[in-house]
1. I'd like to know if the stretch 305-315 contains one or more residues that are out of contact with any helix residue (DSSP H, G or I) (no Cβ under 7 Å at 6 or more places or on another chain) and modelled with pLDDT of 95 or more.
2. Looking only at the stretch 212-230, count how many residues are touching a residue at least 40 places away in the same chain (Cβ under 8 Å), acidic (Asp, Glu) and farther than 19 Å from residue 21 by Cβ.
3. Name the pairs whose Cβ atoms lie under 7 Å apart, with the first residue in the stretch 351-379 and of a type in the set (Lys, Arg), the second part of a helix (DSSP H, G or I) and modelled with pLDDT of 95 or more, and 6 or more positions between them or separate chains?
4. Any residue in the stretch 335-347 that is touching a residue at least 40 places away in the same chain (Cβ under 8 Å) and not in a helix (DSSP H, G or I)?
5. Specify the residue that is modelled with the lowest pLDDT; the eligible residues are those in the stretch 710-740 that are in a loop (DSSP other than H, G, I, E, B) and open to solvent by 80 Å² or more (accessible area, probe 1.4 Å).
6. Grab the helices (runs of 4 or more DSSP H) fully contained in the stretch 391-507, keeping just those with 1 or more residues being open to solvent by less than 30 Å² (accessible area, probe 1.4 Å) and without any contact (Cβ under 8 Å) to a residue 40 or more places away in the chain.
7. Considering only the stretch 256-309, give the helices (runs of 4 or more DSSP H) lying wholly within it that have at least 1 residues that are under 23 Å from the mean Cα position of the chain (by Cα).
Amino acid sequence: MTQETPPDPLLGALNPPQREAVLATEGPVLMLAGAGTGKTAALTARLAHIIRTRRAWPSEILCVTFTNKAAREMKERVGNLLGPGVEGLPWLGTFHAIAAKLLRRHAELVGLQSNYTIIDTDDQLRVLKQLIQAEGLDEKRWPARLLAQCIDRWKNKGLNPQDLSAADAEAYAGGQGQKFYRLYQDRLKALNACDFGDLLLHMLNVLRTHRDVLETYQQRFKYILVDEYQDTNQVQYLWLRLLAQGHKNICVVGDDDQSIYSWRGAEVANILRFEQDFPGAKVVRLEQNYRSTPDILAAASGLIDANSQRLGKTLWTEKNGGDKLRVIGVWDGPEEARRVGDEAERLEREGASLNQLAILVRAQFQTREFEDRFIAIGLGYKIVGGFRFYERAEIRDALAYLRIIAQPSDDLAFERIYNTPKRGLGDKTLEKMHRHARARGIPLSLAAVEIIDTDELPPRARNTLFALMRDMARWRDAARALSPAELVRTVLEESGYTAMLQAEKSAESAGRLENLTELARAMEEYETLGDFLEHVSLVMDNDAADDAEKLTIMTIHAAKGLEFDYLFLVGWEEGVFPSQRALDEGGLSALEEERRLAYVAITRARRRCTILHAANRRIYGQWTSSIPSRFIAELPDAHVEQESTLSGGASLWRAQWSEASDPFAHIARGTGRGPGWQRATTRDFDPAPKRLPEATRSAASFAAKPRSDVGLGVRVFHEKFGYGTVTAQEGNKLEIEFETAGPKRMIDSFVKVAD
């Protein structure tokens, strides 16, 4: 600072590393900010300090955030720090907002006019469907949504159609990806339109091919500040790196240990190689945590230390005391839900606010068990970052089919499904059915049956409607013989609904299929379709007053940036967390991201963090004998308190994982999948469990009649654990001493008698 510039009073509230990051105004700076370390305060103070000390005018500062909310918050904070007289911040906003503003000025350089339209996802899909149809491609086999995902991925990587490799092009229609990408871009230019991916890609192309434009912005932006740098994708990274080559005063704020969005294009390598991209960069580590207790921080730090791809830091706090992390092993999913519900009620009685309690799940399907339990005990809850289970579109569609089967006069249900999936029955057909129904005073389903025998509909629509009503009649008959779960599986399969989601071949559709499988699983607890639909009605009617306190249920991804006093991390078993799908698709890099996700989950807790894992879980219709997540074994013993209702406790699982400190060493050796990688063994569980009175439901709430051929002393075989001998038996639950894996407890249907 010059002699005319007095010391900045904004620095008084900052700790030494934060002040260091604020004052290091010249040259590249990496602010490596751990969870809960006040990175927003430091970034805002840096921005305000640059303006207050007149190092740059607000119009000469580029400040990029990831959300509009973060941008608004930063503008408000800077205004509060500098007062109402400060000039606006024209270049503070999200990547897409800033890129759109730049593109308006240079649209003609990419073949657009300045008044171009930004199309949304629906318009994008409509354009792609038109192109697919025009090229004679089977849209059911190669859906537009899949092509849209491919194009979005290519644009996130900064790839134009001519940049695609043969491997990239193979991602769609047997090598036709490049052709359709080019056709799509040409069509957008003809429409004077672009999608969200184009905003950054077009500007990257402009900066690469028009040196005068690049130099203009390199000189204009004296300072560049970037929030959440670990979440940048390739095109964002390339765009920023070009702009920063002028003054080289770029400050990025991020945490490599919280990079959890690779599935939407984020690349943790961007932050890991910052020092190589900008030689001489200053790295400032913000490690003082203002959120959590010492044990929570130590446990999280011990866990993430197992990752090899990280810059490294250790969180600490001036707080004293607090509880250790609790790791609780339970018998099955229902017991897990009961344990959490009981604990939540106890905390509420002791004066804790339900608003400060949260359950974090790895996958959406896990929420249903808790929702049903909380409805039963009258505990207020809310789903954040998604719909409640029975409010999701695919669940509502399935329920509409069931409602019209149970009650043919349910016109609302009929309207929802008569053309879902697409059957070619449009609005005109529905309008004619409505007119017929009103004229005759009958429900829509009966009107549909009657209108088939008239000439009011064209032959194709009449035949399609006839097939649907014939199916409806058959399903109604089947409902008398099939269980509710068998019925919904049959309806979803025969209606084409399952095939519709399978054809989309996307992560979103895969999740929707998983939710439908969980719906069928839930229905196995009900003897009649009427009983189940009544239960759903009660669940849907559970909306409490908006101002009532509620426990929060959300995914770990949605919880990033939030914090709670009391946290329950559930489903920490291999295959659930870490996700088996992620491991199958991504190998070692996916495992490290799953571990970062676990780190993010633990560091959301302020006062108490409880981790639960179940020995048995019903996943997608099958009982699974599970082992606890490897992440539990990686938690440092000194900061963890173990509790288990299972034989041997969690120490057995810890010992098992310690046998292979590097579960992925087999990848380098080329020897196949290593220890702990295999899917847990699954078996169909028959007979289907029946709902029991609450007073009689034990930890083994889905117990079935024990097998007659398995008992004490019998030698058995398990596909995962090998040979063993039954040492104890309680109903259909066995305790088995395995020859290599030690003692385990499981349901008898998971093993077979050894030869």
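The values are calculated or read from the model by the stated rules, or taken from the named source; none is laboratory data. These figures come from a predicted structure and were not determined experimentally. Glycine gets a Cβ as well: all are built from the backbone with ideal geometry, and neighbour counts include every protein chain shown. Please note that ligands, DNA and RNA were not included when accessible areas were found on the heavy atoms of the full protein model with its side chains. Shrake-Rupley method; radii C 1.70, N 1.55, O 1.52, S 1.80 Å.
1. yes
2. Result for the stretch 212-230: 0.
3. Here the result reads 362/556; 373/337; 373/338; 373/341, each pair linking the stretch 351-379 to a residue that is part of a helix (DSSP H, G or I) and modelled with pLDDT of 95 or more.
4. No: zero hits.
5. 719
6. 393-406, 411-417, 427-440, 444-451, 459-478, 497-504
7. 269-272, 294-304
Condition check ((1) under 21 Å from residue 634 (Cα atoms); (2) open to solvent by 30 Å² or more (accessible area, probe 1.4 Å); (3) β-branched (Val, Ile, Thr)) across all residues:
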position	(1), (2), (3)
284	no, no, yes
292	yes, no, no
308	yes, yes, no
321	no, yes, no
350	no, yes, no
360	yes, no, no
368	no, no, no
